[in-house]
Amino acid sequence: MTKAEIQQVKLRFGIIGNNETLMRAIDVAIQVAPTDLSVLITGESGVGKESFPQIIHQYSRRKHGQYIAVNCGAIPEGTIDSELFGHEKGAFTGAIGERKGYFGEADGGTIFLDEVGELPLPTQARLLRVLESGEFIKVGSSKVQKTNVRIVAATNVNLTQAISEGRFREDLYYRLNTVPIQIPPLRERGEDAFLLFRKFASDFAEKYRMPAIQLTEDAKQLLISYSWPGNVRQLKNITEQVSIIETNREINASILKGYLPEQNTIQRLPALFGVKENKSFESEREILYQVLFDMRQDVTELKKLVHEIMTERGNTAASAVPAAYYAQPPAVVTPVSPSVPTIIHPSIKPSHNIDEDIQDTEEYVGESLSLDEVEKEMIRKALEKHHGKRKSAAKDLNISERTLYRKIKEYGLD
């Protein structure tokens, strides 16, 4: 297409900028519009991906049909299938009537699936069937229905990485990505940032009935060189803030800098200590047992502390506590007793005999050691899950193979 035709499209859909990559994306959208090919629009959050499905729909033969935009990331996983494909009356609790679903409503039109990377895997399988055969089944029904719908999807997720992590179907990716359109981030668009700022400043001046803010040359350079992690959306929000707050309508670099977040904020976030990045949990139960394991380690440290306090006070009874009480706990545990022994600081005079404190601690330890049966059961389940492969079971339980062999022998699980 000629530049004049692309400029006309930009005016119609409110797209600001002259960046070559952006112009190329608009050109591809117009060229692919008359076909029924699936289109995948990629780009960071806030770059303006939502304008391109509308271009594709309006320049297609389906422009008189329905255009439905669906934010896949905003729909709960439990209802996403019902929203997209519909459901029959009584299909689930609360289904008091029949629902058509977006794919039924958009028959003959276009569906825009925003944040398609957030779809759960079962829904991805249903979507693949629609792409391949135009067929779908309502929730709670056994009747196959047909739909003639054009699918345009968008995502800010790296789908290639999501595929390698098992979060997105590879076959669905290739079906959606028939025609890819990449929208550049604002930081790569140079002068476009200033053009967008000027447009937003004019819009807000009209909205709030005040003079439009102007940038000095140093402020303009700061605007263009800033990284804009939130892209066009962030620029628009900051322009609105400055328009409302600043009484001086000429904005220099010093003033503008006060509204721009530090560019390395994300890198300076505190690290989460003790969290294993590569650790994945298959169920809530595994997460719970990991938390309880950490809790028991804390309880062990608490018992050590009590023992040290008693020793420092010269009480011989404290030294009689067996060392085995302070050994490292096994990797798989269940909730410990809520009764926690009282910690007495050496500088505080106890109101009762020290022997009673020691007795309380011993009772607490006894309760903890009664959890062996649960540990035995979890080891048994781990072995069953991995078909007797002890190396895999030990890894799943987060303990060493040597410890697992010892536990198997101790509990007679050979």
**Fill in**
Rounded to a whole %, the carbon-and-sulfur portion of the accessible area of the range 96-197 at a 1.4 Å probe is 45
**Asked** Once Lys and Arg get +1 and Asp and Glu get -1 on their Cβ, which of Leu84, Leu37, Ile6 lies farthest toward the positive end of the dipole of the range 1-114?
**Response** Ile6
**Asked** Tell me, what does the Kirkwood hydrodynamic radius of the range 45-94 come to in angstroms if you use every pair of distinct C-alpha atoms?
**Response** 13.5
**Fill in**
With the 1.4 Å probe rolled over protein heavy atoms, the range 121-204 has an accessible area per residue in Å² of 47
**Request:** Give the cross-link partners of Lys63 among the lysines, using a straight C-alpha distance below 25 Å as the criterion and excluding same-chain residues fewer than 8 apart.
**Result:** Lys3, Lys10, Lys49, Lys100, Lys146
**Accessible area (Å², per residue) of the range 1-117, counting only protein heavy atoms and a probe of 1.4 Å** = 48
**Request:** Give the distance, in whole Å, between the Cα centre of the range 157-236 and the Cα centre of the range 54-75.
**Result:** 21
**Message:** Quick check on packing: order 124-136, 53-65 by the mean number of other C-beta atoms within 10 Å, highest mean leading.
**Reply:** 53-65, 124-136
**Asked** Mind checking which lysines have their C-alpha under 23 Å from Lys389, skipping anything on the same chain fewer than 8 residues away?
**Response** Lys279, Lys376, Lys381, Lys407, Lys409
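The values are calculated or read from the model by the stated rules, or taken from the named source; none is laboratory data. Just so you know, these numbers come straight off a predicted model, no measurement behind them. Positions of Cβ are backbone-derived with ideal geometry, glycine not excepted, and every protein chain shown enters the neighbour counts. Calculation scope for accessible area: heavy atoms of the full protein, side chains included, ligands and nucleic acids excluded. Shrake-Rupley method; radii C 1.70, N 1.55, O 1.52, S 1.80 Å.
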